[in-house]
Amino acid sequence: MKIVILDGNALNPGDLSWKPLEQFGTVTVYPRTNDEDVVKRIGDSDIILLNKINITEDIISHCPNLKYIGVQATGYNVVDLEACRRHNITVTNVPSYSTAGVAQLVFAFISEFACHVQLHSNSVMAGDWTRAKDFCYWKTPLMETYGKTIGIFGYGNIGSRVARIAEAYGMHVQVCTRTPKPDIKNAVTFETLLKTSDIITLHAPLTPQTKEIINEKTLSLMKKNAILINTARGTLVDERSVRKALDAGTIAGYAADVVASEPMAMDSPLINAPNCLITPHIAWAAVETRQRLLSIVVNNVKAFTEGHPQNVVS
């Protein structure tokens, strides 16, 4: 079988190995692929693997041998699933591989807002401590997370992991979820979550109901000293409203690993926003996390070739 990886640099910029895939056929890896080159590169392929390349019905119609599309991520909105069903193409994804990494980044954000590590390290390296009149100093108010209320919007694998870590920090956990579970100790409405949380962290999927669920109206319900964290999907928030709230000081901070348009647009309202931390979609980027992802990708292909596909989304 012919296997083509269209945007291999996302998952594996060179520190992992594609070799395990070679047991299933010939493997061709393209670091990146422009839209106009997709058909040329996969036209006679049996299997394609991708992260963010859009696969439309028009593309599929030019690929008569295509039997399997492996999305090397959890989200699979880049693939036209209905078209795949019509053409009898199996589509799989990789669920739950990044739970630990995303939860880790959530608390990196929380810790940075609480302790302002970079600010104080920069100050020390600039010589401020050598000139200090006292044995210690701080450049901005610091916060202790113990006893703070964290509101978790969405309670899947990541949301529940965040809850367990928060409890270890001694935080009060409250949850808003569309799928109530017996193990949720303190389920609240979305409005209550907004009004009473010191930290709100988003872990819900993007749906018509959740798109821009954080907007001017909902931001106005939050505490003035509250911090908002988004490691889920960029368009869960209306970024212009977030910027307005940061500029006005009606929320204390915003942190995100995702934005509405990725790579980030030059005119993004979040660029240079005050009290704002943005990372370039790195929650999944630890080598251990990506190795876990690649191992599942290989197992997905293996299961498909053996006639019992797993993690099927279409």
* Structure fact -> Note: among G101, G25, G75, G43, just one is in contact with a Phe, Trp or Tyr (Cβ under 6 Å, 6 or more places away or on another chain) and of a type outside the set (S, T, Y), namely G101
* Structure fact -> Exception for V259 within (1) surrounded by fewer than 19 Cβ atoms within 10 Å (Cβ to Cβ); (2) under 30 Å from Q72 (Cβ atoms) falls at (1)
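For region 43-122, which fully contained helices (runs of 4 or more DSSP H) count at least 2 residues that are within 17 Å of F304 (Cα to Cα)? If you could, list the steps in order and put the result at the bottom.
Details: elements: 57-61, 81-86, 99-115.
Per the criteria, 81-86.
Looking at N34, N65, can you tell me which residue is open to solvent by 60 Å² or more (accessible area, probe 1.4 Å), at pLDDT 95 or above and either farther than 25 Å from A303 by Cα or not polar (S, T, N, Q) (or both)?
None of the others qualify; the one that does is N34.
Yes/no matrix, rows are residues, columns are (1) among the hydrophobic types (A, V, I, L, M, F, W, C); (2) open to solvent by 10 Å² or more (accessible area, probe 1.4 Å); (3) touching a His at 6+ places or on another chain (Cβ under 8 Å); (4) touching a residue at least 24 places away in the same chain (Cβ under 8 Å):
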{"position": "V29", "(1), (2), (3), (4)": "yes, yes, no, yes"}
{"position": "I59", "(1), (2), (3), (4)": "yes, yes, no, no"}
{"position": "I69", "(1), (2), (3), (4)": "yes, no, no, no"}
{"position": "Q72", "(1), (2), (3), (4)": "no, no, no, yes"}
{"position": "V78", "(1), (2), (3), (4)": "yes, yes, no, yes"}
{"position": "H87", "(1), (2), (3), (4)": "no, yes, no, yes"}
{"position": "S96", "(1), (2), (3), (4)": "no, yes, no, yes"}
* **Residues of region 178-206 satisfying the condition of being at pLDDT 95 or above, surrounded by fewer than 19 Cβ atoms within 10 Å (Cβ to Cβ) and within 26 Å of T289 (Cα to Cα)** => none
* Report yes if R178 is among the charged types (D, E, K, R), under 21 Å from the mean Cα position of the chain (by Cα) and not in a loop (DSSP other than H, G, I, E, B), otherwise no. => no
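Would you confirm, using the coordinates I've provided, whether Q310 is touching a residue at least 24 places away in the same chain (Cβ under 8 Å), within 30 Å of T26 (Cα to Cα) and more than 22 Å from the chain's Cα centre (by Cα)?
Here the answer is yes, as Q310 does meet what is asked.
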* To do: Please go through region 123-146 and pick out each residue that is in contact with a helix residue (DSSP H, G or I) (Cβ under 8 Å, 6 or more places away or on another chain) and assigned to a loop (DSSP other than H, G, I, E, B).
  => Y137, W138, K139, T140, L142, M143, E144, T145
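Before we move on, is T201 within 20 Å of G101 (Cα to Cα) and outside any loop (DSSP other than H, G, I, E, B)?
yes
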* Structure fact -> Exactly one of K211, K224 is touching a helix residue (DSSP H, G or I) at 6+ places or on another chain (Cβ under 6 Å), surrounded by fewer than 16 Cβ atoms within 10 Å (Cβ to Cβ) and at pLDDT 95 or above, and that residue is K211
* Does region 276-294 contain any residue that is open to solvent by 40 Å² or more (accessible area, probe 1.4 Å), closer than 22 Å to L105 by Cα, in a helix (DSSP H, G or I) and out of contact with any Leu (no Cβ under 8 Å at 6 or more places or on another chain)? -> yes
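The values are calculated or read from the model by the stated rules, or taken from the named source; none is laboratory data. Owing to the predicted nature of the structure, the values given are computational and were not obtained by experimental measurement. Counting neighbours? That spans all protein chains shown, and the Cβs are built from the backbone with ideal geometry, glycine included. We work out accessible area using only protein heavy atoms, side chains counted, and drop any ligands, DNA or RNA first. Shrake-Rupley method; radii C 1.70, N 1.55, O 1.52, S 1.80 Å.
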